[in-house]
1. Hull surface divided by four, with the convex hull built on the Cα atoms of chain A: how many nm²?
2. Efficiency by 1/(1 + (r/R0)^6): what FRET value for A:Asp67 and A:Thr232, r their Cβ-Cβ distance, R0 = 25 Å, to the nearest 0.05?
3. Could you identify which residue out of B:Ala259, B:Ala112, B:Ala55 has the top mean-square fluctuation in a GNM of chain B using Cα springs shorter than 10 Å?
4. How would you classify chain B from its alpha-carbon gyration tensor, with a ≥ b ≥ c the square roots of the eigenvalues: rounded for a/c under 1.5, else prolate if a/b is greater than b/c, otherwise oblate?
5. Assign one of three labels to region B:239-358, namely rounded, prolate or oblate, based on the Cα gyration tensor with a ≥ b ≥ c the square roots of its eigenvalues; rounded applies when a/c is under 1.5, prolate when it is not and a/b is larger than b/c, and oblate otherwise.
6. Cα gyration tensor of region B:34-115, axes a ≥ b ≥ c as square roots of the eigenvalues: rounded (a/c below 1.5), prolate (a/b > b/c) or oblate?
7. Can you tell me which aspartates and glutamates have their Cα less than 19 Å from the Cα of A:Lys65? Leave out same-chain residues fewer than eight positions away.
8. What distance in nm lies between label points placed 7 Å from Cα along the C-beta direction at B:Ala45 and A:Asp273?
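Read-outs: derived from the displayed coordinates by stated rules, not from any lab. Note that the coordinates shown come from a computational prediction; the quantities given were computed from them, not determined experimentally. Here Cβ is always computed from backbone atoms with ideal geometry, including for glycine, and neighbour counts include all displayed protein chains.
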Amino acid sequence: MNTRADDDVRQPYAVKMQGICKSFGPVRALQDVALRLECGEIRALVGENGAGKTTLMNILYGMYKPDRGRIWVWGEEVGRDWSPGQAIARGIGMIHQHFSLIPAHTVLENVVMPRLTWGKVLPRWHEHRRALEELAAQYGFSLRLDSLVESLSVGEQQQVEILKLLYQGARLLILDEPTAVLTPQQIDALLQLLLVIKSQGYTVVLITHKLSEAMAVSDSITVLRGGRLVATLPREGTTAQEVAKLMVNRELVVSGTAATERPQQECVLEVRDLVVEHENGKRSVDGVSLTVRAGEIVGIAGVAGNGQSELAEALVGIRRATSGSILINGADVTDRSVRSRKRAGMGYICEDRHLNGMFPDMSVAHNLVMEHVDLPPFSSYGLLRHRRIQEAAREAIEAYDIRTPGPEVPMGNLSGGNQQKVVLARALATKPRILVACEPTRGLDLAATAYVRRKLAGCAAEGIGVLLISSELEELLELSHRILVMFRGRIVGEVRREDFDVERIGLLMTGQAPAEAGGGGDGDAVG
Amino acid sequence: MRNSIALKNAFITKILRTGWGSSATLAVLSMIVSLLALCLCSYFAGASPLQVMVALFEGALRGRYALTTTLSEWVAMTLCGLAVLIPYRAGFFNVGGQGQLEVGAVAAAAVALSLNAPRPLVIMLALAAAVAAGLLAVSVPLILRLRRGASEVTTTIMMNFACIQFMYAMVTGPLKDARSWYGTTPPVPQAYQLPSFPPGSGIPAGMWVAALIALAAAWLMNSTVFGLYLRAVGSNRPAAVAAGIPVNRVLTGAVLMGAALAGLAGGLQLLGYTFRVAEGWSKSWGLVGIPIALLGGNPLGVLVVGFLFAILETGARSMQALTGAPAALIYLFQGLPVIIYLGLRASAWYSRWSQAAG
């Protein structure tokens, strides 16, 4: 039943994947990807967000079924019924970004649990404990088996996950962004551990977008971009610059007839040393300072999850700033509410309109006026003036070319592009001085994308300052006067339009700051 | 199997396209199906479905006494429906209507039994006390929700138990009728009872209050900034936050309004219908308010569905007496249409969703 791949009989390989395609709805996540993992290597899988790294590994692990393609594991082709259960049985283990541990159980219980079956009423804990202690000693784990998982640090919890995979008998370990939640010291420890594991003959796949990690431990590096495999390079003789160049699209050119207007001197948004902390003390925004002038589009580049969303939410007032200050038009709004900031001139296009940008079961008209319906002419003494609302809605539908049967239609019935036009029209209806736009074209088709970008450029031409947060480098290059690059909650570099350089921005995004980067970023505070 | 699902989806999609998929249509459809189920059940119980329906509606609508009873039931059903609906539209599921109603009635009884003043004043004060008690009963779940994010479904259900036990403690303790052998308050003196309006017509004054409140609620929802905000908060709370709507204030307002109406229902029923608070004095108006609100969908819908439920409640007894079909069948009707309705709506959503995804 299982066919052997004839050309690989001589050379042993851990995994071979051929012609893998996978689509989610209209999105083609993977297109014709071929991958081969050698036994006993550490392979880094790098690429920007949405490049398909995690999807590819989820297919290997049996979580997703590929639309097309074949997979061989240890020389045998897998069947159509490939599943995580089978993957584990065949020695493949995967650690996802979010751990799957039970906090109230001990390390021992967590590690042993996957091996227990319903029939075993009384597990032989002593045998498991002895075996585990041996295993832990062999790899230099510093875990106490009786500690509760909830009492462990994140780094230690990750060790538990690894121990769990090893104890399950995994010979191929897949780690998805394992360092995203770790401190630098924990990262070093993890990378050391991976080297030890490799030296025992295991194969490791490290999914990451941080090139420094890939360069530090891997034997070879596979680059994915936009669902396609771009290249697999041996680490020896490759530089981080080369890999970064492959990660971002080289075809990108600084086109932009869009941002030709010269920004004015007047400063509409000023942010000083902004810090945003989560409850757990992790700083998602770590001392960011920036300014946006009237008529200027300032782009924020960065791999998603480096604090951009939190920065935007803190600016708009949805999230509390731990320290630092925010000035709109020179007025300090740090302690003011969302509404008060909007009155002061803040406009906001949120990252995910389904999540917090629209009221799907309410009419297009109501969606359009929601942010200023309490002001004349839309209401007086708390009573809605339906006719004025309808008129304003008709005007906006006309002005923004929103395709809807009428202003009374529920917004959820519109297409994504038209929904985004409603969001845009609403944000601009209050005549803001500064517009914070997060991923304004995410999920839109080409025409709608072009429309939104034109509109943003038009805003700048009218003297509105725009802070454009986007993971689409192409969009930033087209529109921005300046691009600030965020990495781990800090602004690590600033590039002006006259010296836009895709390669350099790519390096900054992946934490490979070139020498002169420090001077550029006005937010690169010390400490 | 797959084919039949696809066929069903196509059918529902067609309904949606022609505008027949609105909540109101689904609600009417589910109630019709439930009435048919009622007929079927009574057939199996050995009664003729036609006779059962006739007895049900005649028992509720024919004759002055029956009509007065039905209208009195309608008062509580409407107000309790609104007590669920208004907070529900803001994203707060008030399951505590029953408890709010019980403490409202106790508070009204305490006022009406202890004061000696002109009739309008006593009635006003008693109803104000009922409202205040309803507000007090919801304050704990509300504060827990706002401050701690505790699920109001759990806390309001638990408050029901606390409120009902409080009612028992009152009617067997401080407010107990000394002449009675079971836990009950003395009857509200005739002078302080709610009259019928127009006088002598047998139409309870509370009905006009409830109807006016329903109309006012409809106006509030559709024509005020607060109503728009309320629907926005219920539609997508994070989006309301991002739009700068004072979410917690809106939520608090909606919840207090709901609880006030449940408390008021208790006061009105005491002064106009039962005249006593006693062990087991109340029907489960507060709980029936939940299906009424879900099926009604808006304040005017609550008024209509509330009337249907009131007919069933009143007609059940004559149905049992005349046809032998057990009155408990009516409780089937209190649950069944909601389940059918939610099922229909879920499949309508599903087909819309799968259409959007595919």
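1. If you wrap the Cα atoms of chain A in a convex hull and average its projections, you get 28.7 nm².
2. Details: r = 22 Å, r/R0 = 0.90.
Plugging the Cβ-Cβ distance into 1/(1 + (r/R0)^6) gives 0.65.
3. Taking springs between Cα atoms under 10 Å, the residue moving most is B:Ala55.
4. Details: a/c = 2.01, a/b = 1.24, b/c = 1.62.
Oblate.
5. Values: a/c = 3.46, a/b = 1.32, b/c = 2.62.
It is oblate, given that a/c is not under 1.5 and a/b is not larger than b/c.
6. Oblate, since a/c reaches 1.5 and b/c is not below a/b.
7. The qualifying aspartates and glutamates are A:Asp32, A:Glu76, A:Glu77, A:Asp81, A:Asp176.
8. Result: 7.6 nm between the two label points.
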